[in-house]
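Here is the structure we will look at.
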Amino acid sequence: MAVAIVTGAGSGIGAATARMLSARGDRVVCADVRLDFAQQTAGGLPDALAVEVDVSDSSSCERMVEDAVHRFGDVDAIVTCAGIEKHGAGHEFSEEDFDRIIDVNLKGTWLSARSAARAMINRGHGGTVVMIGSINSMVGNPGASAYCASKGGVLMLGRTLALDWAQYGIRVNIVAPGVVNTPMSAKSLADPQKRAKMMEKTPLGRPAPPEEIASVIAFLTSDASSFMTGAYVPVDGGTLAAW
Ligand SMILES: NC(=O)c1ccc[n+]([C@@H]2O[C@H](COP(=O)([O-])OP(=O)(O)OC[C@H]3O[C@@H](n4cnc5c(N)ncnc54)[C@H](O)[C@@H]3O)[C@@H](O)[C@H]2O)c1
């Protein structure tokens, strides 16, 4: 049975991913900065572990992987769903908010993937890393400069780590969701004007439930995608096709 770590597993895409990987038989480590959220996800799954992690902190990421190895003996996959967003015009945005978004979304993706990859390499086997980018890895969004910069960074981080780690049999792919119905997007989707604008750019005309992202993540953490690495995989209802 594979062992998969999911960061940001307390909510949204991470929670749906933890549930889907568990349903196919993986032993899942549900990691989140909100331990209560992680426990809620893990509590509904057989043989799952809840772990508190701040992905922007390297020792916290190392501990998360140690806990996974201690409980389940190994790590085969990591999915980095932890993320934050804050809007504000570029000239008004605070340095503190900019740093935090980059620290969590970009550096945190690297730190958590690095800790998992070290464990895989030390054990002499490969594995899979799935990073969550965004359509904003490729296209800008007004008022979201820090977020878009972080997601553009995740794309190049993932592509480059795919090159670094191919020799160890570790595949790294980047999933790019469009509009997904989660707590992160709830406020925008609840505003009729904002929702209409978002749907205008989504040819399928609806937001995705998080399970429609999780199913692609499940594919990318399975042998069905064994020749895929360094791939940017939009799951966006057609948004990028129409750009
Ligand atoms: N919802 C969307 O429309 C959408 C679109 C594109 C990309 N994404 C990306 O998908 C990922 C998941 O987003 P979501 O929509 O499920 O959001 P969400 O807010 O529902 O879940 C994010 C989770 O990350 C956790 N988290 C935040 N900071 C953390 C930290 N420092 N360490 C560990 N965990 C932390 C939160 O506690 C939360 O449980 C994010 O990277 C987001 O940018 C979301």
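Laboratory data are not the source of any read-out in this text; all were calculated from the coordinates shown. All values reported here derive from a predicted model rather than from experimental measurement. Using ideal geometry, Cβ is built from the backbone for each residue, glycine included, and neighbour counts are taken over all protein chains shown.
Side notes on the structure shown:
- Residue (of 14, 70, 213) at the positive-pole extreme of the chain, dipole from beta-carbon charges: 213
- A Cβ-based charge dipole, computed about the Cα centre of the stretch 3-238 with Lys and Arg at +1 and Asp and Glu at -1, lands at about 560 debye.
- Of the trypsin sites (Lys or Arg not before Pro) in the stretch 66-147, those whose Cβ has at most 16 other Cβ within 10 Å and which sit in DSSP loop: 86, 123
- Across the chain, the volume of the C-alpha convex hull divided among the residues equals 117 Å³ per residue.
- Exposure proxy ranking for 94, 185, based on other Cβ atoms within 10 angstrom of each Cβ and starting from the fewest, stands as 94, 185.
- Ranked 175, 79, 69, 216, criterion: other C-beta atoms within 10 Å, fewest first: 69, 216, 175, 79
- Total formal charge among the other residues, if their Cβ is under 11 angstrom from that of residue 48, Lys/Arg +1 and Asp/Glu -1: +1
- Nearest-ten-degree value, helix 211-220 long axis tilted from longest Cα axis of the chain: 40
- Seen against the Cα atoms of the chain and their longest principal axis, helix 145-165 is set at about 30 degrees.
- The stretch 168-243: proportion of alpha-carbon pairs further apart than 17 angstrom, %: 50
- The ranking of 61, 30 by Cβ neighbour count inside 10 Å, starting from the fewest, reads 61, 30.
- Ellipticity estimate at 222 nm from DSSP helix runs (n ≥ 4, -39,500 (n - 2.57)) divided over the chain, nearest 500: -13500 deg cm²/dmol
- Entry note: the stretch 53-177 has Rg to Rh equal to 1.02, where both radii use alpha-carbon atoms and Rh is the Kirkwood radius.
- Alpha-carbon Rg with Dmax, taken over the stretch 88-127, Å: 15.7, 48
- Nearest-ten-degree value, helix 12-23 long axis tilted from longest Cα axis of the chain: 30
- Put simply, the C-alpha atoms of the stretch 31-91 give a gyration tensor, and the ellipsoid matching it has half-axes of 26, 15, 10 Å, longest first.
- The stretch 180-234 and the stretch 5-19: distance between their alpha carbon centers, rounded to Å: 14
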